[in-house]
1. Only one of Lys30, Lys74, Lys78, Lys104 is basic (Lys, Arg), outside any helix (DSSP H, G or I) and farther than 23 Å from Leu193 by Cβ; which?
2. Report yes if Val220 is open to solvent by 50 Å² or more (accessible area, probe 1.4 Å), β-branched (Val, Ile, Thr) and touching a strand residue (DSSP E or B) at 6+ places or on another chain (Cβ under 6 Å), otherwise no.
3. Which residue is nearest to the chain's Cα centre (by Cα), if the candidates are limited to region 81-95 and must be assigned to a helix (DSSP H, G or I) and closer than 28 Å to Glu192 by Cα?
4. Give region 225-268 a look and list any residue that's open to solvent by less than 30 Å² (accessible area, probe 1.4 Å) and assigned to a helix (DSSP H, G or I), or say none.
5. Does any residue of region 163-178 turn out to be open to solvent by 60 Å² or more (accessible area, probe 1.4 Å) and either among the acidic types (Asp, Glu) or within 22 Å of Val83 (Cα to Cα) (or both)?
6. For region 134-170, what are the residues that are modelled with pLDDT of 95 or more, in contact with a Ser or Thr (Cβ under 8 Å, 6 or more places away or on another chain) and not in a loop (DSSP other than H, G, I, E, B)?
7. Pairs needed: first member in region 233-260, closer than 11 Å to Ile199 by Cα; second member anywhere, modelled with pLDDT of 90 or more and surrounded by fewer than 18 Cβ atoms within 10 Å (Cβ to Cβ); C-beta distance under 6 Å; at least 6 residues apart or different chains.
Amino acid sequence: MQVSNNERANILVQALPYIKKYAGATVVVKYGGNAMLDDELKSAVMSDIVLMQLVGINVVLVHGGGPEINAMLKKIGKESKFVGGLRYTDRETIDIVQQVLAGKVNKDLVQLLENAGGKAIGLCGLDGSLLKADKLEADLGFVGEIREVNADILRNAAKDGYIPIVSTVAAGYHGEVYNINADVAAARIAAELGAMKLILMTDVRGLLRDREDESTIIPVVNVSDVRRLKKDGVISGGMIPKIDCCVDAVRRGVGRAHIIDGRIAHSILVELFTDEGIGTMFY
């Protein structure tokens, strides 16, 4: 599709007030889903993150790595087990999770961002006790609940010009290592940093009134309406934990939380720098 010079100019003019608004602010992006698997989408996300940094936004990228963990478990002949949408993590599995998330996935993302022109540093929750956790009450093995976030590590990295890329394994208080849900970790990190925005990248358009019809997307939701939307069945299934993270982040002081479709190239930029936005915003 050809874009005229006039259309290009209009796009930039529309973005200008948003660039001014976000300069110096912190935005936490949870990166996951198809956007981590498709090479073109990976490239689009990395260029989005670099552009955000160049216009003065302090970006923190928090990532999962479910497909890679599943592939490694399959390779060693171990079956992936889920309870209520969360991975059951026994002692053998937490070793794999740590190796895959804090090792391969995290460092691959650092290299991708560097190749896109960014300046990245890879961290996991064990580094400098960035994330401290206790065992989650539900019996999911080594799955943790965050108790503390050492946000100074992330602030210092940003001050030195780095984009922190965080994998979500956390340190226990007695030498344990815990697997942390990446959406939950991103929400807590955003709250501790006083972020202006939390963006959760998913494989859905946002919150839909009718799950079978993407045209029924709800663009804006007040967190006080979430309980009613659950009762009405609009929020159900796998959307419940994601939206709970958005609600928790907003109630802890994050300016806005967004669920956006990571299958759409440059969806982060569309959300941040256009009047229409994309996905569902929680305030």
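The values are calculated or read from the model by the stated rules, or taken from the named source; none is laboratory data. No experiment lies behind these values; they were computed from the predicted model shown. Counting neighbours? That spans all protein chains shown, and the Cβs are built from the backbone with ideal geometry, glycine included. Calculation scope for accessible area: heavy atoms of the full protein, side chains included, ligands and nucleic acids excluded. Shrake-Rupley method; radii C 1.70, N 1.55, O 1.52, S 1.80 Å.
1. Exactly one of Lys30, Lys74, Lys78, Lys104 is basic (Lys, Arg), outside any helix (DSSP H, G or I) and farther than 23 Å from Leu193 by Cβ, namely Lys78.
2. Values: open to solvent by 50 Å² or more (accessible area, probe 1.4 Å): yes; β-branched (Val, Ile, Thr): yes; touching a strand residue (DSSP E or B) at 6+ places or on another chain (Cβ under 6 Å): yes.
Considered against the rule, which asks whether it is open to solvent by 50 Å² or more (accessible area, probe 1.4 Å), β-branched (Val, Ile, Thr) and touching a strand residue (DSSP E or B) at 6+ places or on another chain (Cβ under 6 Å), Val220 comes out as yes.
3. Of everything passing the filter in region 81-95, Ile94 is nearest to the chain's Cα centre (by Cα).
4. Within region 225-268, Val226, Leu229, Ile243, Cys245, Cys246, Val247, Ala249, Val250, Ser267, Ile268 qualify.
5. Scanning region 163-178 turns up no residue that is open to solvent by 60 Å² or more (accessible area, probe 1.4 Å) and either among the acidic types (Asp, Glu) or within 22 Å of Val83 (Cα to Cα) (or both).
6. Residue satisfying the conditions is Glu148 alone.
7. Final answer for the pair search is Arg256/Tyr283.
Yes or no, residue by residue, for (1) hydroxyl-bearing (Ser, Thr, Tyr); (2) closer than 18 Å to Leu200 by Cβ; (3) in contact with a Leu (Cβ under 7 Å, 6 or more places away or on another chain); (4) surrounded by 20 or more Cβ atoms within 10 Å (Cβ to Cβ):
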position: Ala23; (1), (2), (3), (4): no, no, no, no
position: Lys30; (1), (2), (3), (4): no, yes, yes, yes
position: Gly33; (1), (2), (3), (4): no, yes, no, yes
position: Leu37; (1), (2), (3), (4): no, yes, no, no
position: Glu40; (1), (2), (3), (4): no, no, no, no
position: Ser47; (1), (2), (3), (4): yes, no, no, no
position: Gly56; (1), (2), (3), (4): no, no, no, no
position: Val60; (1), (2), (3), (4): no, yes, yes, yes
position: His63; (1), (2), (3), (4): no, yes, yes, yes
